[in-house]
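Here is the structure we will look at.
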C-alpha cells in the first residue's frame with residue numbers, strides 16, 4: 001500500500017490566504033445574482049463598485065476517498081446589498097450525512113443553517129470560535145462585521161456539495177438583515193418555498209442508500 005504524503009499548509013490570517021493547498025476559487029458579486037432580496041440595490045452596487053470578489057477559498061483536497069479530509073480557508077469581504085449582508089451561496093452536502101467544521105480566525109460572521117424541514121439555526125463566529133455543522137443541515141456563511149471574515153474549514157472528502165437545494169426553495173427560510181443599531185436580525189424570506197414532507201424525507205433516505213451502496 002502506498003501511503004499518502006503528509007503536508008504542511010500555512011495560513012496568513014490578515015490576508016485571508018492559505019499556502020500549500022492544491023485548489024482555489026473566487027465568487028464575484030455577479031455570480032451571486034438572485035440571492036439577495038433587493039434586486040435594485042444589487043444592480044446599483046454592481047454598477048457603482050464593479051464586479052468585486054465577495055469571497056474566495058483556498059483548499060487542499062488530498063483525495064475523494066471515504067475517511068479522508070478536505071480542508072481549507074475561506075475569506076469573505078464585508079458589505080451589504082441594501083440591508084442584506086454579504087453571504088455565500090450555501091449548500092447541503094451531496095452525501096447529506098456528512099458534517100463540517102468551521103474555525104473562526106478573523107472578523108465577525110454567522111453560520112446560517114437550515115434543516116430539511118425548515119428549522120433555522122444560527123451560530124455566531126468570531127476568532128477562536130469553532131462551529132460544528134451537523135449532518136443533514138444546509139449551511140451558508142454571512143459576514144456581519146466591518147472586516148474580512150476568515151475561517152478555516154474541514155469536511156469529509158467524499159461529502160460533495162449540492163447547491164441546488166437552496167435554489168429550488170427560493171433561498172433559505174430566513175434572510176439576515178442589518179438593523180438600525182448596527183446589529184442583525186432574521187427576517188422571513190417571502191420567496192421561500194418549504195420542502196414537502198416527502199422531499200425532506202428523501203434527503204435522509206438518499207444518504208442511507210448511498211452509505212449502503214458504498215459499504
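The values are calculated or read from the model by the stated rules, or taken from the named source; none is laboratory data. Owing to the predicted nature of the structure, the values given are computational and were not obtained by experimental measurement. Ideal geometry is used to build each Cβ from the backbone, glycine not excepted, and the neighbour counts take in all protein chains shown.
So, in segment 157-191, of the ones that are assigned to a loop (DSSP other than H, G, I, E, B) and touching a strand residue (DSSP E or B) at 6+ places or on another chain (Cβ under 8 Å), which residue ends up surrounded by the fewest Cβ atoms within 10 Å (Cβ to Cβ)? Give the derivation first.
First, pick out the residues of segment 157-191 that are assigned to a loop (DSSP other than H, G, I, E, B): 157-161, 163, 169-173, 179-183, 189-191.
Then drop every residue that is not touching a strand residue (DSSP E or B) at 6+ places or on another chain (Cβ under 8 Å), which leaves 157, 159, 161, 163, 172-173, 179, 189.
Numbers: 157: 18, 159: 22, 161: 14, 163: 14, 172: 23, 173: 19, 179: 9, 189: 15.
So the residue we want is 179.
Please go through (1) surrounded by fewer than 21 Cβ atoms within 10 Å (Cβ to Cβ); (2) in contact with a strand residue (DSSP E or B) (Cβ under 7 Å, 6 or more places away or on another chain); (3) more than 24 Å from residue 155 (Cα to Cα) for residue 60 and return the number of the only condition it doesn't satisfy.
(3)
From the list 95, 89, 75, which one is surrounded by fewer than 18 Cβ atoms within 10 Å (Cβ to Cβ) and either modelled with pLDDT of 95 or more or touching a strand residue (DSSP E or B) at 6+ places or on another chain (Cβ under 6 Å) (or both)? Walk me through how you get there before you give the answer.
Details: 95 fails: surrounded by fewer than 18 Cβ atoms within 10 Å (Cβ to Cβ); 75 fails: surrounded by fewer than 18 Cβ atoms within 10 Å (Cβ to Cβ).
Step by step, each of 95, 89, 75 is checked, and only 89 is surrounded by fewer than 18 Cβ atoms within 10 Å (Cβ to Cβ) and either modelled with pLDDT of 95 or more or touching a strand residue (DSSP E or B) at 6+ places or on another chain (Cβ under 6 Å) (or both).
Residue 155: within 18 Å of residue 89 (Cα to Cα) and either more than 16 Å from the chain's Cα centre (by Cα) or touching a residue at least 12 places away in the same chain (Cβ under 8 Å) (or both), yes or no?
Details: within 18 Å of residue 89 (Cα to Cα): yes; either more than 16 Å from the chain's Cα centre (by Cα) or touching a residue at least 12 places away in the same chain (Cβ under 8 Å) (or both): yes.
Yes: the conditions hold for residue 155.
So, of the residues in segment 103-137 that are assigned to a loop (DSSP other than H, G, I, E, B) and touching a helix residue (DSSP H, G or I) at 6+ places or on another chain (Cβ under 9 Å), which turns out to be nearest to residue 155 (Cα to Cα)?
Selected residue: 135.
Taking residue 140 as the residue in question, decide whether it is under 13 Å from the mean Cα position of the chain (by Cα), assigned to a strand (DSSP E or B) and buried (at least 19 other Cβ atoms within 10 Å of the Cβ). Before you say what the answer is, go through the steps one by one.
Values: under 13 Å from the mean Cα position of the chain (by Cα): yes; assigned to a strand (DSSP E or B): yes; buried (at least 19 other Cβ atoms within 10 Å of the Cβ): yes.
Yes, satisfied.
Consider only pairs whose beta carbons are under 8 Å apart and that are at least six residues apart or on different chains; among these, list those whose first residue lies in segment 12-29 and is assigned to a helix (DSSP H, G or I) and whose second residue is surrounded by 15 or more Cβ atoms within 10 Å (Cβ to Cβ).
Pairs that qualify, where the first residue is assigned to a helix (DSSP H, G or I) and the partner is surrounded by 15 or more Cβ atoms within 10 Å (Cβ to Cβ), are 29/42; 29/45; 29/46; 29/54.
Can you tell me which of (1) in contact (Cβ under 8 Å) with a residue 60 or more places away in the chain; (2) surrounded by 13 or more Cβ atoms within 10 Å (Cβ to Cβ) is the one residue 32 doesn't meet?
Looking at each condition in turn, residue 32 falls short on (1).
Please identify the pairs in which a residue from segment 89-102 that is outside any strand (DSSP E or B) has its Cβ atom under 6 Å from the Cβ atom of a residue that is buried (at least 22 other Cβ atoms within 10 Å of the Cβ), counting only partners at least 6 apart or on another chain.
Within 6 Å, the pairs are 93/159; 95/159; 98/159.
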